1. Between residue 118 and residue 31, what is the FRET efficiency for a Förster distance of 35 Å, r being their Cβ-Cβ separation, to the nearest 0.05?
2. Provide 103, 129 in ascending order of the number of other Cβ atoms located within 10 Å of each residue's Cβ, fewest first.
3. Given (1) 40, 14, 12; (2) 43, 19, 13; (3) 29, 20, 15, which label gives semi-axes √(5λ) of the Cα gyration tensor in Å as computed from the coordinates?
4. What is the local net charge at residue 43, summed over the other residues whose Cβ is closer than 13 Å to its Cβ (Lys, Arg +1; Asp, Glu -1)?
5. Among 44, 65, which comes first, then next, by fewest other beta-carbon atoms within 10 Å?
6. Build a GNM of the chain with springs between Cα atoms under 10 Å: which of 92, 64, 152 gets the top mean-square fluctuation?
7. With the cut-off at 27 Å, tell me which of the pairs 10/37; 32/85; 38/163; 5/85; 85/111; 85/155 have Cα atoms farther apart than that.
8. Per DSSP H run of n ≥ 4, the term is -39500 (n - 2.57); total these for the chain, divide by its residue number, and report the mean residue ellipticity at 222 nm rounded to 500 deg cm²/dmol.
Amino acid sequence: MLLSKAHTSKFWRLFQDACQESLPIGCDKEVKDAFRKKIIFDSTGQTSLTRVRPGQQYELLMAATAEMSDNYDARVYWSTCQERKFIHLIGACTTQIGQIAQEPHAWSYVKGVLQQAHWPDDWQDVSSEMLHSVFMMLDTHRRRLLQRTGWAGAKHDQPLGFKPERTYIHTPAGLIIYRDDLPATPAKP
């Protein structure tokens, strides 16, 4: 089994709601099993719950199961997983841009990126399909800022790669160091 007990128990609770909403009252175990296998296969391409991988496959399964239930909160939650992930990453990347540039309000850069791309001025109005592009643009800018300060890459203990939990600190000598063990507080728009 690739999923944790917590994952499977969430699935089974939501699956019960889906059965009550989508199947005839009093249907037998075979009908429920066929219904479960169809949801799993249609949403993930897997033949069994034991083969579903955590992450995107699990989220797709839960979104499909929620869609067949009468649970509006579950529908909203599971259908917006990717958007919530990218919003978190955008917030973390924006915070890092502000730390590197020593600008406490790096959201002005985000707004500039959106305007240049002729997208809505507020990142919350950007469609879910575009959020990945917004993150990639911000990460490119973050990398350029690091390179402008002389960062040479992981080989010199100056990684350019993105880690959401990374914090950049300016030293009195004018150098930038990083820490991955500090609690991060994402920037607020």
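Just so you know, all these numbers are worked out from the coordinates, no wet-lab data involved. Given the structure is predicted, the values throughout are model-derived calculations rather than measurements. We place every Cβ from the backbone using ideal geometry, glycine too, and count neighbours over all the protein chains shown.
1. For R0 = 35 Å, the calculated efficiency reads 0.10.
2. With the fewest neighbours first, 103, 129 line up as 129, 103.
3. Only one option fits the structure, namely (2).
4. Numbers: positive: 36, 37, 38, 51, 53; negative: 42, 59, 67.
Here the charged neighbours net out to +2.
5. Values: 44 20, 65 28.
Ordered from fewest to most neighbouring Cβ atoms within 10 Å, 44, 65 come out as 44, 65.
6. So, out of 92, 64, 152, the one fluctuating most is 152.
7. 32/85; 38/163; 85/155
8. Taking each H run of at least 4 residues, the total per residue is -18500 deg cm²/dmol.
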